[in-house]
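The values are calculated or read from the model by the stated rules, or taken from the named source; none is laboratory data. From a predicted model like this one, the values you see are computed outputs, not experimental measurements. Note that we place each Cβ from the backbone using ideal geometry, even for glycine, and neighbour counts take in every protein chain shown. Side chains included, ligands, DNA and RNA excluded: accessible areas come from the protein's heavy atoms. Shrake-Rupley method; radii C 1.70, N 1.55, O 1.52, S 1.80 Å.
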Amino acid sequence: MSLNRRLLLAAAATAPLLGLRAADAAAPFLNTNAPPFYRFKLGTFEITIVSDGTLDLPPASQVMTEAPKADLERLLTAARLPLDKWTGPQNCLVVNTGRQLVLIDTGMGDRSNAMGVNHGRLARNLVAAGIQPEQIDVVCITHAHIDHCWGLVDARDRLVYPNARVAIAQSDFDFWTQESLLSGPARDFVLYTRTNLLPVRDRLIPVRDGAEVVPGITAVSTAGHTVGHTSYLVTSEGRRLLNVGDVVHHPILLLRHPEWKVTAWDSDPTAGAATRARLLAGLASSGDQALFYHFPFPGIGTVARTGDAFAWLPSAIHEG
Ligand SMILES: [Zn+2]
């Protein structure tokens, strides 16, 4: 028996006395979250979905206050989701068209912990995905709510995307930057929305329904959640991906009951519900891929009809 083998056997014989087994690794806890980006080809375009992290949202029953509570809780329970909280992912979309680099929505930014401590990660996750913020040519904003536009300017008042023009509906820009709202209940939200939007007012691309923002990306008006809420349709070589934004917040409740009003968050809950029903019906009949901002990462999938309602079918795209 060699000296090395004798030493190994001696060590193995001692290990049980120390409570150790050779297979134990005692690896450190990593305390990291889901992968921050997901990449695939859409026609000739390269798509990267980049996470801004997650929001701690109020229970769904406090957001859809007119929905029958028993029905709402039965659906959540059947989906094995908690009744007392709602964790909302944030899926931002980057499109490299080969000529331009376009980001859709900017997350919460680094100025606020208004909805927990797990958001505001977009800028660093972009870098992890190999994308430098200064490379972005156009930022498309679906709407001027805090979790979509507060990432335009950092906590030191610097533009996070210094070379980008900013596409947004003029009506949303005008509404959410109104000085008069600073004396109302939405004061804090409007204060920082102004902090983010006013510095880019000289580089705006005001979007209209059906207008092309850049070749291959078209604005689709989906008003209701806000006055100028806009979805963006990405098309390359016949492949289509609709960046829905916040027309549909919940992957179970609002697919099963698109008519339930999002009373806590929609500017016009009735219009929001009508827009949602119309958009889901369109996606179900077209079969187009869709990206939902607050659905589980990476938030892409298709929509199917199920009787008198809809279901979201999560999908991964592996192509190219
Ligand atoms: Zn949102």
Notebook entry, point to check: Does Thr106 qualify as being β-branched (Val, Ile, Thr), open to solvent by less than 60 Å² (accessible area, probe 1.4 Å) and either in a helix (DSSP H, G or I) or under 15 Å from Gly53 (Cα atoms) (or both)?
Noted result: yes
Next item on the list: For the range 66-80, indicate whether the set of residues that are modelled with pLDDT under 95 and open to solvent by 20 Å² or more (accessible area, probe 1.4 Å) is non-empty.
Entry: no
Margin query: Test of understanding: among Phe40, Phe29, which residue is of a type in the set (Phe, Trp, Tyr) and in a loop (DSSP other than H, G, I, E, B)?
Written below: Phe29
Margin query: Just checking, does the range 224-231 include any residue being part of a strand (DSSP E or B), in contact (Cβ under 8 Å) with a residue 60 or more places away in the chain and away from the ligand (no atom under 16 Å from the Cβ)?
Written below: no
Next item on the list: Provide a single number: the residues in the range 237-295 that are within 17 Å of Leu72 (Cα to Cα), aliphatic (A, V, I, L, M) and either more than 16 Å from the ligand (Cβ to nearest atom) or not in a helix (DSSP H, G or I) (or both).
Entry: 6
Next item on the list: Exactly one condition in (1) surrounded by 22 or more Cβ atoms within 10 Å (Cβ to Cβ); (2) away from the ligand (no atom under 16 Å from the Cβ) is not met by Ala311; state its number.
Entry: (1)
Margin query: Can you go through Ile141, Ile205, Ile217, Ile168 and tell me which one is open to solvent by less than 20 Å² (accessible area, probe 1.4 Å), under 26 Å from Thr97 (Cβ atoms), among the β-branched types (Val, Ile, Thr) and away from the ligand (no atom under 16 Å from the Cβ)?
Written below: Ile217
Next item on the list: All but one of (1) over 19 Å from His145 (Cβ atoms); (2) open to solvent by 10 Å² or more (accessible area, probe 1.4 Å) hold for Pro199, so report the exception by its number.
Entry: (1)
Note to self: Going through Val160, Val127, Val95, Val117 one at a time, which residue ends up being more than 16 Å from the ligand (Cβ to nearest atom), aliphatic (A, V, I, L, M) and in contact with a helix residue (DSSP H, G or I) (Cβ under 6 Å, 6 or more places away or on another chain)?
What the structure shows: Val160
Next item on the list: Considering every residue within the range 154-163, establish whether at least one is open to solvent by 10 Å² or more (accessible area, probe 1.4 Å), of a type in the set (Gly, Ala, Ser) and closer than 19 Å to Arg194 by Cα.
Entry: yes
Checklist line | Condition met for Gly184 (small (Gly, Ala, Ser) and surrounded by 24 or more Cβ atoms within 10 Å (Cβ to Cβ)) | finding: no
